[in-house]
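Read through the structure below, which is laid out as structure tokens, and then see the notes.
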Amino acid sequence: MMKQKLFDEFTQKISETIANSPAKDIEKNVKSLMGSAFTKMDLVTREEFDIQQHVLVKTREQLTALEERVSELEKQLSVAKE
């Protein structure tokens, strides 16, 4: 029982020391710096990325279908000219 109390007190003291140390301030500053850098990078969310990826897939499908249709129409036009 005494050992557990001693361990708990020791753990609490270490936690207090870390919370009051410059390491905590450094962590806050680094997080702030990184947040600022990410904001400047104009990043998109995963949801926005997934939506745009879906739009791109649909657009590619439509483009392929249109290319095939144009090709068929060109063949029909060349046959009609002959």
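What follows is calculated from the coordinates using simple rules that are stated; it is not laboratory data. As the structure is a prediction and not an experimental result, all values here were calculated from the model. With ideal geometry, Cβ positions are generated from the backbone for all residues, glycine too; neighbour counts draw on all protein chains shown.
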Within region 56-70, does at least one residue satisfy the condition of being of a type outside the set (Lys, Arg) and in contact with a helix residue (DSSP H, G or I) (Cβ under 8 Å, 6 or more places away or on another chain)? no
Set GLU27, GLU9, GLU47, GLU16: member being part of a helix (DSSP H, G or I), among the acidic types (Asp, Glu) and surrounded by fewer than 10 Cβ atoms within 10 Å (Cβ to Cβ): GLU47
